[in-house]
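The block underneath contains the structure these notes are about, expressed in structure tokens.
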Amino acid sequence: MIALLTRRARAQWPLLLSLLAVLTLGATLLGTCALLVTHTSERAVEVAASRADPDDVEVTAYTVTIAAADARSVAADTRTVLTSAIAPFSATTSTRASSNMRTLPSHTDEDRGLLSEVYLSGVDGLRDQARLIAGRWPEKSGDTVLFDNTARLLGLKVGSRVHLGAELGRDPAPPMNVTVVGLVHPLPDAGWDRDPLGGTGYDPDPKDAVYAQDVNAYGPFLVTLDDLLASGSALDRLEVTARPDLSAPTGPALDRLRASVNGADRRLGGVLGDRVSIERVASPLPKTLFDDRSQQELTAGSVLALALIGILLTAIALALAGRLTTGVRAEESALLTALGTSRGQAALAAAVEAAALAALAAALAVPASSVLHSLLTHMQPLAGAGLAARPAVTGVQVLAVGCGAVALALLHVGLAVRPVAAGGERRGRRELLARSGADLLLFALAAVGWWQLRAQPAGAGSRADAVRVLAPALLLTAGTALTLRLLPPLLRRAEGLAGQARGLVLPLAGFQAARRPQAYAAGLLIGLACAAATFGTAFGSTWTVSQHEQADLSVGTDLALTLDAPPVTGQSAEVAAATGGVISPVADRNVAVGQWLGGSGASPRLVAMDTRHAADLLRGRGSDSVADGLTPASAVTGPLLPAGSTPTITGTATRDTPVLVTPRLLLQDDAGLRTACSGPPIVLDGRPHRVPGCVTVAGLRLVAVALPFSGGWEGQPNSGIDITMTLPGADSSPGSAAEPVTWSARAASAEAGQLTAPAVTAAGNRLRFRADVQFADPADLSRVLVATTFPDPGPMPLVVAERFATDVSARAGTKLSLTFGLTPINAVVSRIVPAIPSAPGSPAALADVDTLSRVLVAHGDFDSPVTGWWAGHARSADGLHLGKITTRTGETARLVGSPLRSSLPAVLKVLVAAAVALLLGGVVLHVAYDVQLRALEVARLRGLGMSRRDIRAALLGEHAAVLLPLIVAGALVGAIATWAVAPLLIRSDTGAAPVPPATAHWPWGAFGILAAVLILGAGLAVAIVVTVQARRADAAHLRVAS
Amino acid sequence: MTAPLLTVSGVHRSFGAVRALRDISFEVEPGTMVALVGRSGSGKTTLLNVIGGLDRPDSGTVTVDGVDVTALDEDGLSQLRRERVSYVFQTFGLIPVLSAAENVGVPLRLARVDRPDRERRVELLLDLVGLAGHARQRPGELSGGQQQRVAIARALAASPRLLIADEPTGQLDAETGLAVMGLIRGVVESEGVTALVSTHDPVMMALADRVIHIADGRLTT
Ligand SMILES: Nc1ncnc2c1ncn2[C@@H]1O[C@H](COP(=O)(O)OP(=O)(O)OP(=O)(O)O)[C@@H](O)[C@H]1O
Ligand SMILES: [Mg+2]
């Protein structure tokens, strides 16, 4: 038998070679995908972790209220808990601690009810978080440095000795002395947001003030951490942040890290016991790692789905090759059977041959898949994602290759042993029935798969389930099977038309194409391969376009800057200079809508930007018109104040007890940014008082003034108030706006009824304010006069996202009452849109930032709502250290080039290449076999006087009539599959449904190239085979009996 | 005496060491039926292929209806077979996907005959070979004798001057073979064609006007 097999192999080597090629290709595909979903996947998680933003992997322990005696041990134990939770990864820890408040006797006046309080802070790495302006850093016990503004407010200088009073609260630590050795300025984005006063250095109204007194808080008094822990001060808060070094992680170690960080909170509680009142470990690390893992699993699922298509194609190609082999061997096997070889022996021979082929294929595919995988990882996007790998052999890969080769070889044996209806190909009724049943089953499964995909939840967490993996392959196969059923009737119509022609070439081609039983396997292979190539190409571009769209909408603009601190006067110029584009201040905050604070997890969000420049600023699908109708009709203007000028206030009150006013001026810069400046408390005593330090830069206009009045409740219950504000050098010309500045006055909170008859008049560079104020009610009620250069804007128009609208059941025209911070705002829904730029998927509303500011100001809320900046057409933002910067291009690169997702585009490339190769190979096999089978017929046609040219034309026409519709139909099936499932297979980086929803994208250029490669390639292959065959057809063939 | 329709003179053809034809010369009068007789391997098929232009002699000339076949190029040979010479093969040589009528129509299509004329002629020929009722059947649905009759009808379609049949009855039983031979005899008479038929069946020889014997590539009178 071995002799027979080897002799046969020598005679039929081209056939065996093609079988081996198909087997090897399939096994290589499997091996490569196995490497992608195991080796590269695991690497991707590691690379993603090593590339993670340090903020996303830090672990912070917060502890609150620590007695002086426990300070050291709590700090040390907290550090130990964190470092052991992070082990075996090394970590750098930094500690930040603040003492309880102490009184500052030099600025406290018990009689006047004035209390000043201060606190000490110790910060690891202070030199990286603040800039030294004067003196030196604290080194030894008793040294302290202050923020420059704190020092100015307290009148302290380098060298000043400060006496700190006793601690406030129970069990107070005794007074102490410190020496100011330096002045520093806090650096932005350096963690000062966690300072008790948020890094501002001063708070005229600290939130935790326990005394109903006029309390001012100053601080921090920065000392060394050791000094603080040893100072005998009780700690108000102590936090330790650990940043693990994840530069060279391994997948399993990351999984363990996630678990141990999750458990750190409990361990910290156990270790610290009742030495602290509250302790908590918070870290985004577990979520970051978990998200990475689930993304990687999602990608692996998609890779498997695509691999499955490739394997299916390979199996069909193998079936085709197998069919041709048995066709060629039909006579020989009939002879062997006639000579008495049993079926068992034939099967054994086939099995031995298949085993040899499988072994050879596996031996070739293991190194081939290693090399192919390595090549892939050295190409974009995997290379860019840092996943380049040297060729490696893994157990899973060998297993996948081996199993694949064996499974495919078994398929080959099965096909070889099955008796074929040699030559005649008259399909039995039973086979037809079986095929119809298989088709129906395929359709049913494809429909179920598609429906399942459609019904998948929009939220995160959909993992690589069987449906996702199977759906594309099912849909493509079912579609191709359907077209194979539609093709014959179509060809029969074409045949009817061709038969009308007078000559022989066209009718013969038509008759042959329509009437010859076409090889089902060949048709399936060619149709499915074309469908897969089309699907792969279109899916790739749909995926990429969707990532771009997601990035566009999630950033919402070209460059977004989220400020670390409230904006400061004159910031517009800095941002404009740094970004070099169209800029807008942006307010992005959670709001309360009526009683609704956000139902299903997400809080309602209000995004406000300068809608005048919407076209230049907004990005993302549907953003062109999203802001239409939000822009206020006219701009706000006001008297222009020369830089450095100091307004003065002179006022009188008719009351017998003193009345104080703490004026706030609202200044607007060129870009429309409004910032408030508070003056000192001023007694209305008829004398002029300066409001210093407000007009720091040029180009500021005064657009509003708030005058909050205070006075004890004893004495006369009400008071007439008359205040004149002088603006030296003010230019009251309206600037760009044509109308003159008209001032209007109102009570910030008219419903409180404490301030009546508000009035404002402007004359020259003077503003005169009048009102009647009630002081009888001791409750802390609003007594604020607000004067603005613009009228009350009324309800603020909002464009709301669909989710917002459904959450509050709003329609266009619905009136809403929002609470922004503490200020109530009336708003009206003007339109409902699918999503708000920068807030996709969240219940968000868009408003004009100018309108928002006006509404807030009208309510006496002068705090800037602005939380960031947007820049359109931005050059860059280098050197802008105001907060976190996100760019659209950066976000796109992050989404497209993420190591966790780049396997998908890579495997799409492999799929398309494999499909093209299998299609062309299939065409060659099919045509070569077919033409060889018909050599005699061709010779007879020659005998009938048909010229070679005509024979060639008829054969070419016949194959074109079969192949072209197959290719076109395959492309259609691929396009339909893309349209139906590609958008459903795409998920966002959180695993949720993407916003905006993905829609099929047609890469016409790539399609053109694909069509050219397929049609020209197939055409060339057919032409060569046919030409060779037509030339060979001669008298010799006529000697061979059919 | 009329000019011979077919003149073969001094034809040699070898395949390597095998000398299949050696110095063959003879003439055939128009309107006669000639039987070419010889043992298997004697060179009958080779000779017929050379005459029909399917094969070229190493030397010597073949003239059919005044045309020197050996001097024709590819296109000339195709034209010769379309217009003057037609073949009936031992294995019938019908095109499987075409019906009987369509098979008969193939030479007419090659000659670009108009559809009505073509259909009329196909009908006539099928009638002539007694298969008017089987026009739409495909070769696979016809018996061997019927297939050979379709092949003869096809060979006659383009009104050739010379009909070459290489063992047309070889695949048929004696009775059917006789019927087919009778048919050829009949068309020689009715259509006035000249027929050159190879056979090794003595019964067939009886139907011929003349018998040419060939052995080892040589004529033996
Ligand atoms: N293409 C070829 N290559 C080599 N030898 C050939 C070829 N064609 C014919 N022969 C040889 O030429 C000789 C004549 O063959 P041919 O087919 O003409 O015989 P035949 O008389 O038709 O026989 P049969 O009655 O069996 O059909 C034979 O010996 C054959 O082997
Ligand atoms: Mg012969």
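No lab work stands behind these numbers, since they all come straight from the coordinates. Bear in mind the structure is a predicted one, so any value in this text is a computation, not a measurement. Here the Cβ is made from the backbone with ideal geometry for all residues, glycine too, and neighbour counts use every protein chain on show.
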query = Using a simple spin-label model with points 7 Å from Cα along the Cα→Cβ vector, what separation in nm is obtained for residue B:58 and residue B:136?
reply = 5.4
request  = Return the tail of the calculated pair distribution for region A:783-893, meaning the percent of Cα-Cα pairs more than 18 Å apart.
outcome  = 60
inquiry  = Using only the alpha-carbon atoms, what does region A:640-788 span along each of its principal axes? Please give whole angstrom values in decreasing order.
reply    = 46, 29, 24
ask   = Using the alpha-carbon atoms, what tilt in degrees (0 to 90, nearest 10) does helix A:520-555 show relative to the longest principal axis of chain A?
value = 10
message = Could you tell me the calculated FRET efficiency between residue B:220 and residue B:19, based on Cβ-Cβ distance and R0 = 25 angstrom, to the nearest 0.05?
response = 0.95
message = For a quick check of your reading of the filter: which trypsin sites (Lys or Arg not before Pro) in region A:872-973 sit in a DSSP loop and have no more than 16 other Cβ atoms within 10 Å?
response = A:875
inquiry  = Report D for region A:286-357 in µm² per second (integer): Stokes-Einstein, Kirkwood Rh on Cα pairs, 37 °C, 0.692 mPa s.
reply    = 205
ask   = Which value in Å does the Kirkwood hydrodynamic radius of region A:101-233 take, with 1/r averaged over all unlike C-alpha pairs and then inverted?
value = 14.8
message = Please compute the contact order of region B:126-221 in relative form: average sequence separation of alpha-carbon pairs under 8 Å and at least six residues apart, divided by the residue count, as a percent.
response = 23
request  = Mind checking which of A:623, A:880, A:471 is farthest towards the positive end of chain A's charge dipole, using Cβ charges of +1 (Lys, Arg) and -1 (Asp, Glu) about the Cα centre?
outcome  = A:471
key: Lys, Arg +1 and Asp, Glu -1 on Cβ, resulting dipole of region B:66-221 about Cα centre, debye, nearest 20   = 340
key: Theoretical FRET efficiency, 1/(1+(r/R0)^6), r = Cβ-Cβ of residue A:683 and residue A:750, R0 30 Å, to 0.05   = 0.70
query = In whole percent, what relative contact order does chain A give with Cα contacts below 8 Å and a gap of six or more residues?
reply = 16
query = Once the other residues with Cβ under 14 Å from the Cβ of residue A:653 are scored (Lys, Arg +1; Asp, Glu -1), what is the net sum?
reply = 0
inquiry  = What is the sum of charges, Lys and Arg at +1 and Asp and Glu at -1, for the other residues whose Cβ falls under 11 Å from the Cβ of residue A:800?
reply    = +2
Charge dipole (debye, nearest 20) of region B:142-208; +1 at Cβ of Lys and Arg, -1 at Cβ of Asp and Glu = 240
remark   = For residue B:44, the lysines lying under 17 Å Cα to Cα, once residues fewer than eight places off in the same chain are dropped, come out as none
query = Roughly how big is region A:101-233's charge dipole about its Cα centre, with Cβ charges of +1 (Lys, Arg) and -1 (Asp, Glu), in debye to the nearest 20?
reply = 420
key: Column: log10 I(q)/I(0), Debye, Cα scatterers of chain B, q = 0.10, 0.11, 0.16 Å⁻¹   = -0.42, -0.51, -1.09
note = Computed over chain B: longest principal axis from alpha-carbon atoms vs helix B:174-191 long axis, angle to nearest 10 degrees, is 90
remark   = Cα-based Debye curve of region A:529-639 sampled at q = 0.10, 0.18, 0.20, 0.22 Å⁻¹ gives log₁₀ I(q)/I(0) of -0.47, -1.11, -1.24, -1.33
task = Can you spot the aspartates and glutamates whose alpha carbon is less than 16 Å from residue A:287's alpha carbon? Ignore those fewer than 8 places along the same chain.
result = A:46, A:53, A:55, A:56, A:58, A:255, A:265, A:297, A:989
inquiry  = Could you work out the pair-distance distribution P(r) of chain A from its alpha-carbon pairs, with 10 angstrom bin width and percents rounded to whole numbers?
reply    = 2, 9, 14, 16, 15, 12, 9, 8, 6, 5, 3, 1, 0, 0
Dipole axis of the protein assembly as shown (+1 Lys, Arg; -1 Asp, Glu on Cβ), positive-most option in B:54, A:790, A:38 = B:54
query = Rg to Rh ratio, region A:843-902, alpha-carbon atoms and Kirkwood radius?
reply = 1.13
Prolate/oblate/rounded label for region A:552-591 (Cα gyration tensor, a/c 1.5) = oblate
request  = Tell me, for chain A, which Cys residues have no other cysteine's C-beta sitting closer than 4.7 Å.
outcome  = A:33, A:403, A:530
message = Run through region A:188-288 and list the trypsin sites (Lys or Arg not before Pro) located in a DSSP loop whose Cβ has at most 16 other Cβ atoms within 10 Å.
response = A:207
message = Along the charge dipole of chain A, pointing to its positive end and built from +1/-1 on Cβ of Lys, Arg, Asp and Glu, which listed residue (A:394, A:251, A:163) has its Cα farthest out?
response = A:394
task = Project the alpha carbons of region B:94-158 onto their principal axes and report the range along each, largest first, in whole Å.
result = 30, 21, 17
note = If each K or R counts +1 and each D or E counts -1, the residues other than residue B:29 whose Cβ falls under 13 Å of its Cβ total -1
key: For residues of B:48-56, the mean tally of beta carbons on other chains within 10 Å   = 3
key: Convex hull projection area averaged over all views, region B:73-124, Cα basis, nm²   = 4.4
